[in-house]
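Student: Just passing along the structure, written as structure tokens.
The values are calculated or read from the model by the stated rules, or taken from the named source; none is laboratory data. Predicted model, so just to flag it, every value in this text is computed and none were measured. Positions of Cβ are backbone-derived with ideal geometry, glycine not excepted, and every protein chain shown enters the neighbour counts.
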Amino acid sequence: MSAQVQALQPHHIQPLAQIPPAGVDFFDPVPFKVYTQRDLDRIAPLARLSSEQRFEMKVVSSVLPFRVNQYVIDELIDWSKVPDDPIFQLTFPQRGMLAPEHYERIAGLIRGGADKAELERAVGEVRHALNPHPADQMEMNMPRDEHGKRLEGMQHKYRETVLFFPTQGQTCHSYCSFCFRWAQFVGDKELRICSSEAIELHNYLRRHPEVTDLLVTGGDPMVMKTRHLRDFLEPLLQPEFDHVQTIRIGSKALTFWPHRFLGADDADDLIRLLTQLVEAGKHVALMAHYNHWKELDTEAAQAAIRRIRGTGAVIRAQGPLVAHINDDPAVWAKLWKLEVKLGLVPYYMFVERDTGARNYFEVPLVRAWEIYREAMQQVSGLARTARGPSMSASPGKVEIQGVAEIAGEKVFVLRFIQGRNPDWVQRPFFAKFDDKATWLDQLVPAFGEEKWFWQDEYEAIREDRLAAA
Ligand SMILES: *Cc1c(COP(=O)(O)O)cnc(C)c1O
Ligand code: SF4
């Protein structure tokens, strides 16, 4: 190159090829090693617990799903703090997760060496008592195709956004002890929501131009091989899907298995897929599930975040507020600050849902609001993008905006962030204050009103939906 041409090159702009790829962090492929209930005795650090504690885990994990992997055991749990360690509480079964009568029943059968059929029957009954399908998900959210056939692997509750549950994504790299989708993991076919049909998804999206967002969820879609993800996502780059602007992928892989994004060939292929979607003009959002800042505090997790951000995808962070894990404003403030530092966008703080081990994990709504408020006060505006505490209830996502006293009555101020009817969104409404309430169905309207402003309409929609089901 002549001196003259060189002078024309703005020297502060590097030619593309010389910019280091975002994934400069080099990680060798790491084999994925997983443990389930059968393997409890092979998890080495559990040896430090008493045999009674290990028996309790066995009982609880007969009812509720359990799955953990070596990365979580080695890098996320501080075994010197067990059983209080938040990631131990997040992944390992705890006795308090079952009601005492349920616990005693299953423990008695196991101790007495009950036969398999008897134990399975009891386990099935306990599971059915745990509200396996909160918020009428099955009956009320499943869309239909043009022939009226129910599309099992999808939910379409809010106009703009379709949820898609690919069959191969109906598991996770570990299970959260509080998971509201636990019923999908316990092998009860009837309770599963899933689909193997990319074609069904594409047909549905083609016929619904009002849909701007596709949210691929599970389980965790990141347990799938990239080539399967590609089958669902790549066709969306055709002009007929221009209305689908945003592709969201709900995942906890950044916590449970960041190596999904590092090292292996399939990880490189995933990074290429994300890059390709972004470059074609889609907004790609990884909806990452976080409960505690410890999940972000490993080299692999941070390298995976850098790599994903290097594709141009956005990482948005959300997760429930749960007792024993993160019911503390300092934990949330630290989590949100670290998210912002690493380039993530705090998105939602959820209220723990009314299913499974809720009695162990739930936090009163008033306490949830206090924690949210105290955490917000400690962070800058860039972390105040987390909305909540929000209940994903059947009528919609309802946020607790605060506690107020109006005309002498103490009330919760509520609003819909999302509603089955978009017209409900952003209208404040009021519930009688109740310091014990943990979910919307325990609240009653304030000021002596007989019903919520949305109640008649909601009940009409519900009847309509259930009649069609
Ligand atoms: C939360 C949720 C969405 C997405 O809502 P956003 O507010 O757009 O994040 C979509 N469908 C269902 C069923 C949901 O619960
Ligand atoms: S990652 Fe999500 S779907 Fe999987 S167990 Fe945890 S909460 Fe449930």
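Student: I'm told Val351 meets every condition in (1) buried (at least 23 other Cβ atoms within 10 Å of the Cβ); (2) away from ligand 1 (no atom under 16 Å from the Cβ); (3) touching a residue at least 60 places away in the same chain (Cβ under 8 Å) except one. Can you identify the failing condition by its number?
Tutor: Here Val351 meets the rest and fails (2).
Student: Please give the number of the condition Glu409 fails out of (1) in contact (Cβ under 8 Å) with a residue 40 or more places away in the chain; (2) surrounded by 12 or more Cβ atoms within 10 Å (Cβ to Cβ); (3) of a type in the set (D, E, K, R).
Tutor: (1)
Student: Something else about it: Would you check which residues across region 367-391 are hydroxyl-bearing (Ser, Thr, Tyr) and within 21 Å of the chain's Cα centre (by Cα) and list them?
Tutor: Scanning region 367-391 gives Tyr372, Thr385, Ser390.
Student: Considering each residue of region 120-155, count those that are among the aliphatic types (A, V, I, L, M), modelled with pLDDT of 90 or more and within 15 Å of ligand 1 (Cβ to nearest atom), and give that number.
Tutor: 1
Student: Ok, one more. If a residue must be over 23 Å from Leu321 (Cα atoms) and either polar (S, T, N, Q) or surrounded by fewer than 17 Cβ atoms within 10 Å (Cβ to Cβ) (or both), how many such residues does region 258-301 contain?
Tutor: Summing the residues that are over 23 Å from Leu321 (Cα atoms) and either polar (S, T, N, Q) or surrounded by fewer than 17 Cβ atoms within 10 Å (Cβ to Cβ) (or both) in region 258-301 gives 13.
Student: Identify the single condition in (1) modelled with pLDDT of 95 or more; (2) farther than 30 Å from Pro143 by Cβ that Asp423 does not satisfy, given that it satisfies every other one.
Tutor: (2)
Student: If you don't mind, there's one more thing I want to ask. Determine whether Val244 is within 16 Å of ligand 2 (Cβ to nearest atom), at pLDDT 95 or above, in contact with a strand residue (DSSP E or B) (Cβ under 9 Å, 6 or more places away or on another chain) and closer than 24 Å to Phe261 by Cβ.
Tutor: So Val244 fails the test.
Student: Among the residues of region 119-155, write down those that are part of a loop (DSSP other than H, G, I, E, B), aliphatic (A, V, I, L, M) and within 16 Å of ligand 2 (Cβ to nearest atom).
Tutor: Leu130
Student: Same structure again: With respect to Leu254, is the statement that it is more than 16 Å from ligand 2 (Cβ to nearest atom), modelled with pLDDT of 95 or more, of a type outside the set (Phe, Trp, Tyr) and assigned by TED's automatic domain parsing to the domain that holds Gly310 true?
Tutor: When the stated conditions are applied, Leu254 does not pass them.
Student: Every residue in region 405-438 that is outside any loop (DSSP other than H, G, I, E, B) and among the polar types (S, T, N, Q), please.
Tutor: Result: Gln418, single match.
Student: Right, here's the next one. Which of (1) within 30 Å of Thr311 (Cα to Cα); (2) touching a residue at least 40 places away in the same chain (Cβ under 8 Å); (3) surrounded by fewer than 18 Cβ atoms within 10 Å (Cβ to Cβ); (4) more than 18 Å from the chain's Cα centre (by Cα) does Gly343 not meet, given it meets every other one?
Tutor: Just one mismatch for Gly343, condition (2).
Student: Looking only at region 402-422, how many residues end up being over 13 Å from Val351 (Cβ atoms) and more than 16 Å from ligand 1 (Cβ to nearest atom)?
Tutor: Residues flagged as over 13 Å from Val351 (Cβ atoms) and more than 16 Å from ligand 1 (Cβ to nearest atom) within region 402-422 amount to 11.
Student: Turning to a different aspect of this structure: Looking at region 79-102, which of its residues are within 23 Å of the chain's Cα centre (by Cα) and either farther than 30 Å from His128 by Cβ or part of a helix (DSSP H, G or I) (or both)?
Tutor: Asp84, Asp85, Pro86, Ile87, Phe88, Gln89, Leu90, Thr91, Gly96, Met97
Student: Also, quick follow-up: Sort out which residues of region 42-57 are surrounded by fewer than 17 Cβ atoms within 10 Å (Cβ to Cβ) and part of a helix (DSSP H, G or I), and write them in order of number.
Tutor: Correct list: Arg42, Ala44, Pro45, Ala47, Arg48, Ser51, Glu52, Gln53, Arg54, Phe55.
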